[in-house]
Amino acid sequence: MSAESTPDPAIPGPGESRADGPRRRSKGRRRKPRDRRRKALLAMAWTAAGIVVLGGTGAGVLYFKLNGNLTSVDIDQALGADRPEKADNGSENILVLGSDTRSGGNKQLGGGTDDGTARSDTAMVVHVHKGHKKASVVSIPRDTLIDRPACTDADGGEHPAETDVMFNSAYSTGGAACAVKTVESVSGLRMDHYLEVDFSGFQQLVDDLGGVEVTTTEDIKDPDSHLDLEAGTHRLDGEQSLGLVRTRHGVGDGSDLGRIQLQQAFVKALLHQVQHIGLLGNPKKLYDIADTATKTVTTDSDLGSVNSLMSFASSLKGIGPGGMQMVTMPVIYDPADANRVLVEQAKSRQVWDALRNDRPIPAGATEDTASGQAKDVVSAS
């Protein structure tokens, strides 16, 4: 989701939405506890690959169609060996970005200027803890002033280092590879994977899911993002969801930090929806979601196939909203410019050190930092 677009820090893999039912035991024979789960995973994999969709359609054709939807970039080749070491504690780090181009159909979705460039206005570092039952998510504000390291983009273009530039300029300068390099420089953590989401695709994905239900504690109205919600419970369609995760003037202090708090709340509501729509029994809907998701995301080369992406998504299916800790990288307002924020170095180090050691982020790490004043305005219904 992009902040003026949307990341989808958590792209729903086709298998993530299965709801487990009660186990049954046949007469005279006790099934092994893992039998049902294995069969469900197998069915999920085959269905998501298009084996049982729209009766009689060729499985191979559908598989290759989904595979052909995917776009990937070779981050490892672009960045080379000068990177933080991979974690050896069983955890993984994924950088989730939203691509925010204003050209084409995206311009019609509201806000921003079509200047011919693409930006990443929201970035989330998703740390999947050992065992893949919990995750910690750290949002990096787009307006944070940082020192961007020299980087090489995926086409081999070289970009010299710059000081005191906005964080989101890394993506517009050198694309995915430069964004990853910058996040690794800021955090000291190696990014094991990369997922980029286009916000027009995000809108379609929400519609394919049947909308997302949220509750707002106050009215939210922002003409720039085409959003007009009264306080209460709403089932948001794709356009409304996009407006919610992109609004910054309709709630809180009008800053990007408030928008991040809305985005974090929406991600939890989205996960709640994915877990409860029962896709395993609806192969047509499952295929539609798989088709949209594979068109919407750009991945690192390790995730650049349907099999790899499905396997990765399946490994995360045990992480629900209750198992996800979401914070914003500790920042303070820039005294010289109210529209910019600065990294709160000591507290940020607590955040990144916790993730490096595969531990929960301490509550004190985000106390007394800039917040955005939009916490708890939106929640999952």
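Taking segment 198-221 as the range and being assigned to a strand (DSSP E or B) and within 18 Å of residue 379 (Cα to Cα) as the test, the residues that pass are 212, 213, 214, 215, 216, 220, 221. Checking the stated criteria, residue 212 turns out not to satisfy the condition of being under 30 Å from residue 74 (Cβ atoms), in contact with a Leu (Cβ under 7 Å, 6 or more places away or on another chain) and either surrounded by fewer than 21 Cβ atoms within 10 Å (Cβ to Cβ) or not small (Gly, Ala, Ser) (or both).
Being at pLDDT below 90, not in a strand (DSSP E or B) and not aliphatic (A, V, I, L, M) is a property that residue 131 lacks.
For segment 273-302, residues that are in contact with a strand residue (DSSP E or B) (Cβ under 7 Å, 6 or more places away or on another chain) and open to solvent by less than 40 Å² (accessible area, probe 1.4 Å) total 6.
Has segment 328-338 got at least one residue that is in contact with a helix residue (DSSP H, G or I) (Cβ under 6 Å, 6 or more places away or on another chain), closer than 29 Å to residue 74 by Cα and of a type outside the set (Ser, Thr, Tyr)?
Yes, some residue in segment 328-338 is in contact with a helix residue (DSSP H, G or I) (Cβ under 6 Å, 6 or more places away or on another chain), closer than 29 Å to residue 74 by Cα and of a type outside the set (Ser, Thr, Tyr).
The conditions of being more than 25 Å from residue 332 (Cα to Cα) and among the charged types (D, E, K, R) are met by residue 153. When residue 255 is tested against the conditions (1) over 19 Å from residue 272 (Cβ atoms); (2) under 15 Å from the mean Cα position of the chain (by Cα); (3) not hydrophobic (A, V, I, L, M, F, W, C), the lone failure is (2). Condition first: part of a strand (DSSP E or B), polar (S, T, N, Q) and either at negative phi or touching a residue at least 12 places away in the same chain (Cβ under 8 Å) (or both). Can you find one or more residues in segment 232-252 that meet it? Yes - at least one qualifying residue is present in segment 232-252.
Residue by residue through segment 291-335, note down the ones that are under 17 Å from the mean Cα position of the chain (by Cα) and either in a loop (DSSP other than H, G, I, E, B) or on the phi > 0 side of the Ramachandran plot (or both). Within segment 291-335, 304, 316, 317, 318, 319, 320, 329 meet the criteria. Residues considered: 305, 315, 311. Of these, the only one that is farther than 30 Å from residue 373 by Cα, small (Gly, Ala, Ser) and open to solvent by 50 Å² or more (accessible area, probe 1.4 Å) is 311. Scanning segment 160-192 for residues that are open to solvent by 10 Å² or more (accessible area, probe 1.4 Å) and either in a strand (DSSP E or B) or hydroxyl-bearing (Ser, Thr, Tyr) (or both) yields 162, 163, 164, 165, 166, 169, 171, 172, 173, 185.
The values are calculated or read from the model by the stated rules, or taken from the named source; none is laboratory data. Given the structure is predicted, the values throughout are model-derived calculations rather than measurements. Here Cβ is always computed from backbone atoms with ideal geometry, including for glycine, and neighbour counts include all displayed protein chains. Just so you know, the surface numbers come from the protein's heavy atoms only, side chains and all, with ligands and any DNA or RNA stripped out. Shrake-Rupley method; radii C 1.70, N 1.55, O 1.52, S 1.80 Å.
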